[in-house]
1. Is it the case that Pro250 is under 21 Å from Phe109 (Cα atoms) and either in a helix (DSSP H, G or I) or in contact (Cβ under 8 Å) with a residue 40 or more places away in the chain (or both)?
2. Taking the range 134-186, which residues are within 28 Å of the chain's Cα centre (by Cα) and polar (S, T, N, Q)?
3. Can you tell me which residues in the range 253-269 are part of a helix (DSSP H, G or I), among the aliphatic types (A, V, I, L, M) and in contact (Cβ under 8 Å) with a residue 40 or more places away in the chain?
4. For a quick check of your reading: which helices (runs of 4 or more DSSP H) sit entirely within the range 97-195 and have at least 3 residues that are in contact (Cβ under 8 Å) with a residue 24 or more places away in the chain?
5. Given the criterion at pLDDT 90 or above, farther than 17 Å from Val94 by Cα and out of contact with any Pro (no Cβ under 7 Å at 6 or more places or on another chain), identify the matching residue among Ile265, Ile232, Ile261.
6. Within the range 70-116, take every residue that is β-branched (Val, Ile, Thr) and loosely packed, with under 13 Cβ neighbours inside 10 Å and give me the one that is modelled with the highest pLDDT.
Amino acid sequence: MAAAAPGGASTSSRIYRGNVLRLIGPSWVIIGIFLLIPVILTVVYSFLTKEFRGGVQWTPTLAAYDQFFFDRGLFGDEPPRIEWTYLGIFWRSVWQAASATLLCLVIGFPTAWFIATRDPRQRATWLFMITIPYWVNLLIRTVSMKFLIRDEGPLNSLLMWTGITDAPLGLINTNFAVQLGLFYSYLPFMVLPIYAAVERYDFSLSEAAADLYSGMWTTLRLVILPTVRPGIIAGCILVFIPSLGAFLAPDLLGGAKTFMIGSLIEEQFKGAAGNWPFGSAVATILMTIIMAVLLVYARAQGKESK
């Protein structure tokens with residue numbers, strides 16, 4: 001316990017009171033340099049003009065946003081029509097990210113529950129088993145997944161050897177392959193928050209529900225899920241947001257029919273023919289939607305806590 005100082009304040013609080021800027025300053029500098037400045041530049045670039053050889057011209061315009069939402073023909077002189085191509089890519093990204101989040105939740109919740117209910121001496125080992133594959137770079141893991149599910153890969157060879165299939169399954173360049181890549185990439189982001197919530201769960205609540213003749217599924221729905229909901233929501237956010245902007249899994253495991261918003265943004269900044277303002281506009285739209293969803297969630301949580 002910290003010793004009480006004159007005036008009722010503890011010694012530790014007096015030490016921190018005079019060193020707040022020194023303690024929090026470095027983190028704010030890092031956030032400002034590596035987060036705020038790039039985000040501000042992205043928003044500014046989205047309102048500039050495309051330079052012919054790549055980059056931007058410092059001439060303000062809304063052409064990038066107009067290109068995303070409207071189709072004005074090849075030469076730009078036709079009446080505006082809704083540009084369903086980019087909106088379709090956006091919707092596909094939302095669907096893929098939501099599906100990956102649901103799959104991670106279905107697999108991640110039982111996994112987190114299993115780990116949290118083990119002996120405390122075994123939990124560290126199970127958590128280590130969950131996280132050790134993620135010591136390897138995401139690009140290497142995605143390429144390995146492509147090797148695994150390709151037509152001549154180990155998975156198809158095993159299926160044909162066991163007689164389950166007579167010919168290789170066309171898994172690569174499909175929505176299934178993208179889903180598998182997103183699921184494998186972000187599963188720990190679902191497991192760890194739920195594990196932290198379940199670890200704090202008071203299991204006497206389940207015992208009390210059983211004493212009141214509550215069935216297993218009723219206890220899960222009315223007692224367990226509401227209690228560990230913060231961990232579930234945190235896991236869903238941590239999976240959905242990076243899945244929405246992912247580009248490695250769609251590029252390496254998918255094809256033209258699985259093109260996602262992250263791939264669209266990445267494509268605009270590659271090579272001399274890239275369209276930086278358009279890529280920045282798409283990124284800004286994506287960030288705006290994500291921030292709006294998070295703000296709505298934060299506001300709802302604030303109302304519940306009152």
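1. Details: under 21 Å from Phe109 (Cα atoms): no; either in a helix (DSSP H, G or I) or in contact (Cβ under 8 Å) with a residue 40 or more places away in the chain (or both): yes.
The answer is no for Pro250.
2. Asn137, Thr142, Ser144, Asn173, Thr174, Asn175, Gln179, Ser185
3. At the first step, the residues of the range 253-269 found to be part of a helix (DSSP H, G or I) are 253, 256-258, 261-268.
Add one more test, that the residue is among the aliphatic types (A, V, I, L, M), and what stays is 253, 256, 261, 264-265.
Leu253, Ile261, Leu264, listed by residue number.
4. On the way: elements: 120-131, 138-149, 154-161.
Output list reads 120-131, 138-149.
5. Ile232 is the lone residue from the list that is at pLDDT 90 or above, farther than 17 Å from Val94 by Cα and out of contact with any Pro (no Cβ under 7 Å at 6 or more places or on another chain).
6. Val106
The values are calculated or read from the model by the stated rules, or taken from the named source; none is laboratory data. Because the structure is predicted, anything quoted here is derived from the model rather than measured. Virtual Cβ from ideal backbone geometry, glycine too; neighbours counted across all protein chains shown.
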